[in-house]
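Asks: Mind having a look at this structure? Questions to follow.
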Amino acid sequence: MENFMKLLLHDLEPNQFRTLFPEGLPDTLVVGPGESLRVCIGCFGCWVKTPGKCVIRDAYGDMGKQIASCSEFILLSRCFYGGFSPFVKSVLDRSISYLLPDFRIVNGEMHHKPRYAEQISLHACFYGPCTDEERATAERLVKGNAKNFNAAEYSVRFLKHAEEWREQL
């Protein structure tokens with residue numbers, strides 16, 4: 001699999017993304033809606049049957065390997081009650097193959113062991129209406145995701161509109 005500097009997982013409609021980035025994003029693997037997404041069925045096949053690869057073979061079946069092929073994992077999502085949009089959450093669920101099924105204790109908390117030696121940076125950007133309480137929830141969520149993904153660093157940003165994200169690059 002080809003290595004990319006960045007992996008962008010977003011929930012923008014294809015036309016909206018093309019309008020924001022008509023030339024695309026260099027050195028970035030972009031994952032967004034467009035293909036039919038089958039949701040994780042919780043079978044743990046990515047851990048025991050086909051280690052590192054989701055047993056559901058669709059456009060999102062290799063998310064674990066795709067995350068491992070980048071140094072920076074960027075999540076761009078509408079804020080849904082302090083969490084990710086249904087699309088982004090479903091793709092993240094399909095990314096569990098990035099981790100091993102075994103556990104370890106990190107700062108008194110149980111987390112999955114990393115499958116890959118390299119650490120990524122995790123950056124989340126939420127857009128749309130978001131209350132202070134939802135922001136606090138989103139910040140805790142991303143912090144937890146960063147721990148679970150064994151990220152070297154993480155950040156969380158909030159924007160009123162997705163289009164503002166282009167200016168933040």
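The values are calculated or read from the model by the stated rules, or taken from the named source; none is laboratory data. Owing to the predicted nature of the structure, the values given are computational and were not obtained by experimental measurement. Quick reminder, even Gly has a Cβ in these numbers, built from the backbone with ideal geometry, and neighbours come from all protein chains shown. Ligands, DNA and RNA are excluded from the accessible area calculation, which covers all protein heavy atoms including side chains. Shrake-Rupley method; radii C 1.70, N 1.55, O 1.52, S 1.80 Å.
Asks: Could you run the Karplus curve 6.51 cos²θ - 1.76 cosθ + 1.60 with θ = phi - 60° over segment 59-75 and give me ³J(HN,Hα) per residue in whole Hz, x for Gly and Pro?
Replies: 5, 10, x, 10, 4, x, 5, 5, 5, 5, 8, 10, 9, 10, 10, 10, 10
Asks: I want the local charge near residue 35. Using Cβ-Cβ distances under 14 Å, sum +1 for each Lys or Arg and -1 for each Asp or Glu among the other residues.
Replies: Residues near residue 35 contribute -1 overall.
Asks: Turning to a different aspect of this structure: Using a 1.4 angstrom probe, figure out how much accessible area segment 17-169 has per residue, in square angstrom, rounded to the nearest whole.
Replies: I get 54 Å² per residue for this part.
Asks: Taking 1 over the mean of 1/r across every pair of different Cα atoms in segment 1-53, what Kirkwood radius in Å do you get?
Replies: 13.5
Asks: Which is farthest toward the positive dipole end of segment 19-169 among 82, 70, 112, measuring Cα position about the Cα centre, with Cβ charges +1 (Lys, Arg) and -1 (Asp, Glu)?
Replies: The listed residue farthest towards the positive side: 112.
Asks: Of the accessible area of the chain, with the probe set at 1.4 angstrom, what percent is carbon plus sulfur?
Replies: Working: 4700 of 9220 Å².
The C+S portion of the solvent-accessible surface of the chain is 51 percent.
Asks: Using only Cα atoms and rounding to the nearest 10 degrees, what angle (0 to 90) does helix 132-148 make with the longest principal axis of the chain?
Replies: 40
Asks: In addition: Within 12 Å, Cβ to Cβ, of residue 73, how many net charges do the neighbouring residues add up to if Lys/Arg are +1 and Asp/Glu are -1? Walk me through the numbers on the way to the answer.
Replies: Values: positive: 6; negative: 72, 118, 153.
Every neighbour counted, the sum reads -2.
Asks: Counting only DSSP beta bridges with both residues in segment 60-169, tell me the antiparallel percent, nearest 5.
Replies: 30
Asks: Still on this model: Where does the charge balance sit around residue 105 when Lys and Arg score +1, Asp and Glu -1, over other residues with C-beta under 12 Å from its C-beta?
Replies: Net of charged neighbours comes to +1.
Asks: Here's another thing I want to ask about it. Taking amide hydrogens as modeled 1.01 Å from N in the peptide plane, which residues meet the under 5 Å criterion relative to residue 125, leaving out close sequence neighbours?
Replies: Answer set, sorted by chain and number: 75, 76, 77, 157.
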